[in-house]
1. Order the following by accessible area, largest value first: Val28, Val241. Probe radius 1.4 Å; ligands, DNA and RNA are ignored.
2. At 222 nm, what value in deg cm²/dmol follows for the chain if DSSP H runs of at least 4 each add -39500 (n - 2.57) and the sum is divided by all its residues, to the nearest 500?
3. Find how many whole Å separate the alpha carbon centroid of the stretch 75-108 from the alpha carbon centroid of the stretch 221-275.
4. For Cα pairs less than 8 Å apart in space and 6+ apart in sequence, what is the mean separation divided by the residue count of the chain, i.e. the relative contact order in percent?
5. Can you tell me which aspartates and glutamates have their Cα less than 18 Å from the Cα of Lys193? Leave out same-chain residues fewer than eight positions away.
6. What helices in the chain pass both tests, a Cα length along the helix axis of 24 Å or more and a mean Kyte hydropathy of -0.5 or higher, using whole DSSP H runs?
7. Can you give the local net charge around Lys115? Use residues other than it whose beta-carbon is closer than 14 angstrom to its beta-carbon, Lys and Arg +1, Asp and Glu -1.
8. First select every other residue whose beta carbon is under 11 angstrom from the beta carbon of Glu178; then total the charges, Lys and Arg +1, Asp and Glu -1.
Amino acid sequence: MAPTIASPLLSDLVAQTGKVPLSHVRPVGDRPDLANVDNESGAGIPLIDLKKFNGPERWKVVQAIGRACESDGFFMVTNHGIPAGVVEGMLRVAREFFHLPESERLKCYSDDPKKAIRLSTSFNVRTEKVNNWRDFLRLHCYPLETFVDQWPSNPASFRQVVGTYATEARALALRLLEAISESLDLERSHMVKAMGRHAQHMAVNYYPPCPQPELTYGLPGHKDPNAITLLLQDGVSGLQVQRDGRWVAVNPVPNALVINIGDQIQALSNDRYKSVLHRVIVNSKSERISVPTFYCPSPDAVVAPAGALVDDGHPLAYRPFTYQEYYDEFWNMGLQSASCLDRFRPG
């Protein structure tokens, strides 16, 4: 009788064994201290209503976004303009995809991080020593027509539903980038222009229930490498943000998206705004689905702050670099707490 070959996907491995594999068990000093997390609702991140974004009180919204970028690096937005039906459709087809038979899902599988469209597990299974409690489907989605035909065709509505969500998410990302520019007293179009031809991709994340969530992470503490991230999550908690050395739970708010700035905005703002450590923890009771949209400079875009942001009080924080140069460093370092922006300090 032929030996059973373990599935490369976590969700199927858990279904087979019902326990946390040794490959996913963190060393004792590197486990989530789940008892030492601030779960109080008032300790979360700023909640910003975008309803007045296009009216005479726009500046108040812009100021709120600027304060959040400066103090938290994270905020939530309501009245963000993405229709409720589009959001619900995105979560529905995400769940449908991860509930497909293993053989169907594995048609999309690859452990090559350079592939634009792939299903995989953890973060980078080729290099990491301990795996993370996550399966994910990575989709490049701008320009949409370049990539959509490479996306999964099962579920049947996947391409249409996810394409609509990706288009709406891009429109919101551009509006937020304009607000960030204005909050720094720059031209409204500055950040949008600074990112070259632009790039956008998303990760459709699936976190299965974990028998012993205290032993592992969905994703360990990290900072995002891109410019801005728009996170859609279902109603299950999991995201935590570091504030003053303590982890704070970002519990889902109905009809809200979580926004965070990444390392590229930190560099483009000359350290006025900071990307912030965040992590994902898992639970033993329910699966969790999240869909971060990562909006990025194009690979050849040269990342450097506006001259108006560099002065005697704010010397140049990083030498100019291309996004490709940065991203290569990010993947070589792996998902870890230290930001690879430090590699680009002048001198």
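The values are calculated or read from the model by the stated rules, or taken from the named source; none is laboratory data. Please read these numbers as outputs of a predicted model, since none were measured by experiment. Backbone-built Cβ (ideal geometry, glycine too); neighbour counts: all protein chains shown. Accessible surface areas use protein heavy atoms only, side chains included; no ligands, DNA or RNA. Shrake-Rupley method; radii C 1.70, N 1.55, O 1.52, S 1.80 Å.
1. Val28, Val241
2. -8000 deg cm²/dmol
3. 20 Å
4. Relative contact order comes out at 21 percent.
5. Glu178, Glu182, Asp185, Asp263, Asp300
6. Helices passing the filter in the chain: 158-183.
7. Result for the neighbourhood of Lys115: +3.
8. For residues surrounding Glu178, the net value is +2.
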